[in-house]
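Student: Right, I'll just put the structure down here and ask away after.
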Amino acid sequence: MISAQLPPNEQQRLAALARYQVLDTMPEASFDDLTKLAAYICQTPIALISLIDEHRQWFKSKVGITASETPRDMAFCAHAILEAGVFEVTDASTDVRFVDNPLVTTDPKIRFYAGSPLQTSDGMSIGTLCVIDQVPRTLSKEQREALSAVSRQVMTQLELRARLKQGRQYKDYFEHLLELVPNGMLMIDYDGTILQANGHVLEQFGYAQEELLGQQVEVLIPERFRHHHPQSRRAFLSSPIARKMGSGRDLYGVRKDGSEFLLDIGLSPLTTSEGTRVLASVIDMTARKKAEDALSQSESLNALILESAGEGIYGLDAHGNTTFVNPAGAAMLGYSREELLGVPMHSTMHHTKADGTPYPREECPMYAAFKDGVVHQIDHDVLWRKDGTSFPVEYTSTPIRNEREQLIGAVVTFRDVTERQRIQEQLRLVIEAVPSGLIIINEEGVIVLANQVLEEQFGYERGELLGQTIECLVPERYRDKHPEHRARAFAHPESRVLGGIRDLYGRRKDGSEFLVEIGLSPVPAAVGMLFLASVIDVTARKKEEETLYQYMNDLHRSNQELDDFAYITSHDLKEPLRGIYNYSTILLEDYGDQLDAAGQSRCEALLRLSKRMEDLINSLLYFSRVGRSELAVGPTDVQKILDEIIESLDIRLKESEVDVRIPRSLPIVTCDHVRIGEIFRNLITNAMKYNDKPEKWIEVGYISADEVPHESLSEKDSRIASSFQLRDTNDEIPPESHKPLVFYVQDNGIGIKEKHLSSIFRIFKRLNGREEFGGGTGAGLTITKKLVERHGGRVWAESTYGVGTTFFFTLQRSVRDGIDTATANSLG
């Protein structure tokens with residue numbers, strides 16, 4: 001056995017094969033039909049679509065054998081891909097290359113082989129369409145030409161299959177593929193429900209899509225066979241293997257109007273995340289019978305191939321005249337097929353360029369294909385209809401050779417890309433409308449797209465960046481390392497934001513640099529992986545952050561200075577104030593009998609005012625200490641603190657007849673236990689003091705941040721007393737929650753008018769007379785607010801006047817969510 005040599009372009013050939021992503025895929029009716037057609041044309045029992053991988057040949061479609069692949073070193077097809085035309089072995093048992101080949105000496109006992117290479121548009125032979133017989137034979141000229149034509153149709157199907165994968169989700173691919181398949185396709189689930197049906201099936205059976213989807217597949221089967229079908233369906237699903245149905249007997253379908261027709265069905269199982277599906281290829285054998293009668297003539301064979309294609313296809317002879325055209329091509333051009341046959345293609349439909357200038361025939365790539373023997377693929381061009389209008393196309397012109405390898409014409413396959421260009425234009429408009437810079441690069445780092453915002457950011461004229469590498473936008477000191485970073489991004493494609501932790505710089509065309517933030521997103525495409533980058537100039541933002549940081553520092557310093565001033569001033573005031581108080585006392589004690597009633601009253605007033613002034617100074621001193629002293633932050637059992645406070649207030653609570661309620665045990669939080677105790681004490685004593693109800697109560701508890709009511713309690717009227725009690729007190733907040741806890745102290749006291757809620761935390765602010773409700777300096781809530789803010793939280797109140805008040809304040813739940821001592825102290 002003589003194994004085939006490797007082609008000189010083997011690596012490029014394997015890369016071309018990989019681009020189609022077809023190896024080890026499920027059978028597909030569109031390929032199976034072409035394989036059957038090749039077997040019929042050449043009258044052989046075996047036909048294959050064989051793809052030559054690095055170490056094997058794998059069969060995308062097969063007729064007459066069960067094997068799915070063979071080693072490459074045994075493959076006849078490995079020899080065939082080295083040839084430009086049909087590779088034929090008339091008798092392998094006498095051919096020195098194959099006489100001892102296991103495929104000849106054992107099953108399938110090959111004697112005859114003919115293979116037509118499957119060539120890509122850039123000339124890479126990725127496999128063959130081959131026919132095999134177990135007796136020696138020779139193909140006729142017509143059969144060789146037809147085999148070549150069918151092999152080109154296989155490549156058309158492969159190209160179509162690959163292009164359908166570009167930019168779409170799998171479901172879209174599948175649905176579009178069903179519509180492009182030249183025969184009816186149905187997909188059903190395990191229960192026989194019709195999930196999808198392409199246009200051919202709807203036309204074959206006379207249904208609208210909404211009438212058929214969701215129906216049982218038995219609706220398409222004549223009544224005399226329906227009762228057996230569910231059992232047959234379940235038998236297939238119990239052993240789901242792709243196979244043709246109806247071998248040896250006729251199968252019939254029933255249309256919506258009750259008429260029946262002969263059909264051919266191929267079944268293929270599909271494994272999805274939603275379970276096993278069955279894909280059924282449905283062919284109306286009425287049309288097939290007519291087509292088979294026409295296969296006796298070579299022209300009819302080519303016509304059958306053309307009828308199955310959704311793209312426009314026409315042939316040219318060596319003079320550039322049209323030799324055949326398929327219905328899709330004639331329809332797109334607005335002619336009948338008869339009007340196009342024999343006419344010069346170029347002067348009929350390709351005479352003018354898109355800009356309106358004449359298109360010389362000698363420059364025409366379609367015409368060039370049968371002059372230079374090279375495949376010409378054009379992505380942007382126009383063809384002209386009979387009515388004088390043009391439409392954008394992409395096309396491939398492939399040379400045709402006879403058995404002597406002489407150029408005799410070309411086959412042109414074209415596609416109307418009007419809709420694609422419309423979508424591309426919409427995408428372009430969207431990209432241009434984005435307020436940030438956008439750029440797309442390929443794996444080599446070449447810029448393939450840049451919007452106007454980005455070009456303005458970097459100082460380039462429109463279009464100057466296209467074709468350059470991305471490193472032109474990177475400062476020179478970072479350029480050497482950037483390709484390495486880019487390669488890692490393509491190796492592990494994922495969306496990410498760059499510049500959040502460290503400063504990133506872009507380089508303008510004039511060499512100046514500016515701060516940027518970059519968002520990267522991978523974009524899969526037919527040409528390989530691309531990356532979309534969003535570029536934001538953050539220079540202004542950085543300046544604002546620096547200004548804000550400086551402002552915060554200044555504010556912190558100012559607050560500290562105010563605290564220091566309050567501390568020093570209040571401390572220094574205490575000595576003269578104590579002197580005034582003492583001298584007033586001496587006046588009353590030593591000279592009281594010498595003062596009249598008015599003098600005594602004024603001395604007593606002086607004592608009261610001095611005492612009040614001392615209380616205010618003490619409150620001010622304490623308030624300033626709150627901002628000056630450091631917090632001892634650590635895990636704190638808040639329930640234990642609350643129990644101690646209630647125990648210390650026990651006598652006052654009993655005297656005031658106040659009922660304290662705690663719906664559920666308070667959690668452990670990160671805080672300074674002494675300061676948190678002061679917060680609770682201040683709020684509880686306030687709730688005790690400002691309550692004139694006969695049955696007084698105070699409720700202390702906590703909720704999650706999500707449970708904080710958004711409407712003010714003043715809108716709830718009398719419902720405040722039960723607003724929190726309606727919650728399930730056993731519904732504990734999950735310990736893994738990272739959201740802050742909201743503690744509350746609620747009472748049914750005198751309440752606060754809504755207009756005063758915004759001012760209750762101002763120092764020395766009192767809403768009642770000085771001697772009402774036990775007096776006081778009005779500093780307690782101000783101190784409470786500062787203690788909460790020192791812990792990184794906030795405090796607020798909601799109230800209904802005459803009904804009650806609830807004070808809220810926030811704290812982090814656990815040590816891992818809390819603030820450390822240094823952070824807490826920096827908040828002062």
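The values are calculated or read from the model by the stated rules, or taken from the named source; none is laboratory data. Not measured: the values here are computed from a predicted model. Heads up, the Cβs are rebuilt from the backbone with ideal geometry, glycines too, and the neighbour counts pull from every protein chain shown. Accessible surface is based on the protein model in full, side chains and every heavy atom, while ligands, DNA and RNA are left aside. Shrake-Rupley method; radii C 1.70, N 1.55, O 1.52, S 1.80 Å.
Student: With N set to the residue count of the range 304-373, report its C-alpha Rg divided by 2.2 N^0.38 Å to two decimal places. Could you put the intermediate results ahead of the total?
Tutor: Details: Rg = 12.4 Å, N = 70, 2.2 N^0.38 = 11.1 Å.
In units of the 2.2 N^0.38 Å rule of thumb, it is 1.12.
Student: Can you pick out the pairs among LYS640/LYS786; LYS542/LYS785; LYS36/LYS386 whose Cα atoms lie more than 30 Å from each other? Don't skip to the end; give the middle numbers.
Tutor: Numbers: LYS640/LYS786 23 Å; LYS542/LYS785 32 Å; LYS36/LYS386 37 Å.
Result: LYS542/LYS785; LYS36/LYS386 exceed 30 Å.
Student: Okay, next question. Suppose accessible area is computed on protein heavy atoms with a 1.4 Å probe; arrange ASP593, ASP637 from highest to lowest. Walk me through the numbers before you get to the answer.
Tutor: Numbers: ASP593 135, ASP637 70 Å².
Largest accessible area first, the list is ASP593, ASP637.
Student: Step through the residues of the range 432-448 one at a time and calculate ³J(HN,Hα) from phi using the Karplus curve (6.51 cos²θ - 1.76 cosθ + 1.60, θ = phi - 60°), rounding each to whole Hz and writing x for Gly and Pro.
Tutor: Karplus-based 3J(HN,Hα) across the range 432-448 equals 6, 7, 5, x, 9, x, 10, 8, 10, 10, 9, 5, 7, x, 7, 6, 9 Hz.
Student: When Lys and Arg each count +1 and Asp and Glu each count -1, what net charge do the other residues less than 14 Å away from GLN600, Cβ to Cβ, add up to?
Tutor: Working: positive: ARG602, ARG608; negative: GLU589, ASP590, ASP593, ASP596, GLU604.
With Lys, Arg at +1 and Asp, Glu at -1, the net is -3.
Student: Moving on. Calculate the translational D of the range 350-451 in whole µm² s⁻¹ from Stokes-Einstein, where the hydrodynamic radius comes from the Kirkwood formula applied to all Cα pairs, the temperature is 20 °C and the viscosity 1.002 mPa s. Write out the running numbers ahead of the final one.
Tutor: Details: Rh = 16.4 Å.
D, rounded to a whole number, is 131 µm²/s.
Student: Would you mind working out the accessible area per residue for the range 364-423, using a 1.4 Å probe, and quoting it in Å²?
Tutor: Working: 2860 Å² over 60 residues.
Averaged over the residues of the range 364-423, the accessible area is 48 Å².
Student: Another question about this same structure. How do the peptides 640-647, 353-360 rank, highest first, by the average count of neighbouring beta carbon atoms within 10 Å per residue?
Tutor: Details: 640-647: 16.2, 353-360: 10.4.
Top of the packing list down: 640-647, 353-360.
Student: For GLY127, list long-range residues whose amide hydrogen, built 1.01 Å from N in the peptide plane, is under 5 Å from its own amide hydrogen.
Tutor: ILE52, LEU118
Student: Computing the accessible area with a 1.4 Å probe over protein heavy atoms, can you report the carbon and sulfur percentage for the range 476-532? Mind showing how you got there, number by number?
Tutor: On the way: 2040 of 3780 Å².
The C+S portion of the solvent-accessible surface of the range 476-532 is 54 percent.
Student: Might you tell me the accessible area per residue for the range 65-124, computed with a 1.4 Å probe and given in Å²? Display every interim value, and only then the final one.
Tutor: Values: 2460 Å² over 60 residues.
Here the residues of the range 65-124 average 41 Å² of exposed surface.
Student: Moving to a separate point now. Can you send over the solvent-accessible area of LEU407, 1.4 Å probe, protein chains only, in Å² to the nearest 10?
Tutor: Looks like 60 Å² after rounding.
Student: Quick one: what are the phi-derived ³J(HN,Hα) couplings along the range 655-667, Karplus 6.51/-1.76/1.60 with θ = phi - 60°, whole Hz, x for glycine and proline?
Tutor: Whole-Hz 3J(HN,Hα) from phi for the range 655-667: 5, 7, 6, 9, 9, 9, 10, 10, x, 8, 4, 6, x.
Student: Follow-up question, since we're still on this one. Please report, as a whole percent, how much of the solvent-accessible surface of the range 89-162 comes from carbon and sulfur atoms (probe radius 1.4 Å). Present the calculation step by step, with values, prior to reporting the outcome.
Tutor: Values: 1330 of 2660 Å².
Reported share for carbon and sulfur atoms: 50 percent.
Student: What are the residues whose amide H is under 5 Å from the amide H of VAL417, where those residues sit 5 or more places off or on another chain and H is modelled from the backbone?
Tutor: Distant-sequence amide H within range of VAL417: VAL393, GLU394.
Student: Apply the Karplus parameterisation 6.51 cos²θ - 1.76 cosθ + 1.60, with θ equal to phi minus 60°, to every residue of the range 232-242 and state each ³J(HN,Hα) to the nearest whole Hz, in sequence, with x for glycine and proline.
Tutor: 5, 4, 5, 5, 5, 5, 6, 9, x, 10, 4
Student: Rounded, prolate or oblate, given the Cα gyration tensor of the range 244-285, with a/c below 1.5 counting as rounded? Spell out each step's value before the answer.
Tutor: Values: a/c = 3.69, a/b = 1.76, b/c = 2.10.
Taking the square roots of the gyration eigenvalues as a ≥ b ≥ c, the range 244-285 is oblate.
Student: If packing is taken as the average number of other Cβ atoms within 10 Å across a peptide's residues, how do 325-331, 361-367 rank, most packed first? Show your work: numbers first, answer last.
Tutor: Details: 325-331: 19.9, 361-367: 17.6.
Highest-to-lowest ranking by the protection proxy: 325-331, 361-367.
Student: What whole-number value in Å² describes the accessible area per residue of the range 445-509 for a 1.4 Å probe? Walk me through the numbers on the way to the answer.
Tutor: On the way: 4010 Å² over 65 residues.
Normalised by residue count, the accessible surface of the range 445-509 is 62 Å².
Student: First select every other residue whose beta carbon is under 10 angstrom from the beta carbon of ILE126; then total the charges, Lys and Arg +1, Asp and Glu -1. Don't skip to the end; give the middle numbers.
Tutor: Numbers: positive: ARG13, ARG19; negative: ASP53.
Combined, the nearby Lys, Arg, Asp and Glu give +1.
Student: Sort 409-421, 378-390 for me by packing, meaning the mean count of neighbouring Cβ atoms within 10 Å per residue, highest on top.
Tutor: Numbers: 409-421: 19.3, 378-390: 13.5.
Answer by packing, highest mean first, reads 409-421, 378-390.
Student: Taking the alpha-carbon centroid of each part, what is the distance from the range 184-214 to the range 463-520 in angstrom?
Tutor: With the range 184-214 and the range 463-520 each reduced to a Cα centre, they are spaced 51 Å.
Student: May I ask you to derive the FRET efficiency for ASP637 and ARG479 from their Cβ-Cβ distance with R0 = 45 Å, giving the value to the nearest 0.05?
Tutor: On the way: r = 58 Å, r/R0 = 1.29.
The computed FRET efficiency comes out at 0.20.
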